[in-house]
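Okay, so here's the structure we're looking at.
Values quoted throughout were computed directly from the atomic coordinates according to the rules given, and no laboratory measurement underlies them. Note that the structure is a prediction, hence the values are computed from the model and not measured. Ideal geometry is used to build each Cβ from the backbone, glycine not excepted, and the neighbour counts take in all protein chains shown.
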Amino acid sequence: MNVYPIGFNPTYSESNPSVEDISSLSGYAFLEFGAPWCGHCVAAASAIEHALTPLQLPHIKAYDGKGLPLGRAYKIKLWPTLILLKDGIELARVIRPTSVTDISELQQLVTT
């Protein structure tokens with residue numbers, strides 16, 4: 001089983017987990033899709049870091065691009081897309097957050 005970084009992960013991994021790996025996760029985790037050269041992703045990084053760091057949950061930062069299977073499985077159209085998972089199932093997502101407030105719904109789902 002893969003071990004994913006706890007807290008904010010600054011790096012988009014080019015070796016993405018499989019859909020099966022994500023489905024087998026236990027507990028809460030964040031799955032973020034984007035690319036290191038994406039201006040929206042760079043702009044959102046600070047807000048995502050500030051929102052996720054206190055939660056101390058796994059943060060899987062997946063490099064996305066045309067035809068990559070993980071992004072297609074989650075129907076990703078815009079970057080960054082931040083998805084909250086529980087036991088490998090999507091609970092909610094935020095697309096192109098620009099502030100911690102944009103991510104507050106995901107935070108509330110974890111802390112309630």
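Some points to look at:
- The range 72-102, residues that are within 11 Å of the chain's Cα centre (by Cα) and closer than 19 Å to Val42 by Cα: Trp79, Pro80, Thr81, Leu82, Ile83, Arg93, Val94, Ile95
- In the set Leu82, Leu25, Leu78, Leu55, only one residue is in contact with a Pro (Cβ under 7 Å, 6 or more places away or on another chain) and not basic (Lys, Arg); that residue is Leu82.
- Residues in the range 47-68 that are under 18 Å from Thr101 (Cα atoms) and among the hydroxyl-bearing types (Ser, Thr, Tyr): Thr53 alone.
- Options Pro69, Pro58, Pro97, Pro80; residue that is touching a Cys at 6+ places or on another chain (Cβ under 6 Å) and either buried (at least 18 other Cβ atoms within 10 Å of the Cβ) or in contact (Cβ under 8 Å) with a residue 40 or more places away in the chain (or both): Pro80
- For Ile95, the test of being aliphatic (A, V, I, L, M) and within 19 Å of Tyr4 (Cβ to Cβ) is failed.
- Taking first residues from the range 35-46 that are more than 17 Å from Asp102 (Cβ to Cβ) and partners that are outside any helix (DSSP H, G or I) and aliphatic (A, V, I, L, M), no Cβ contact under 9 Å between residues at least 6 apart in sequence or on separate chains turns up.
- Qualifying position, being surrounded by 17 or more Cβ atoms within 10 Å (Cβ to Cβ), of a type in the set (Val, Ile, Thr), more than 19 Å from Arg96 (Cβ to Cβ) and under 13 Å from the mean Cα position of the chain (by Cα), among Ile6, Ile22: Ile22
- Cβ-Cβ under 9 Å pairs, at least 6 apart or on other chains, the range 1-28 side without any contact (Cβ under 8 Å) to a residue 40 or more places away in the chain, far side of a type outside the set (A, V, I, L, M) and surrounded by 14 or more Cβ atoms within 10 Å (Cβ to Cβ): Met1/Asp21; Asn2/Pro17; Asn2/Asp21; Val3/Pro58; Ser15/Tyr63; Asp21/Gly88
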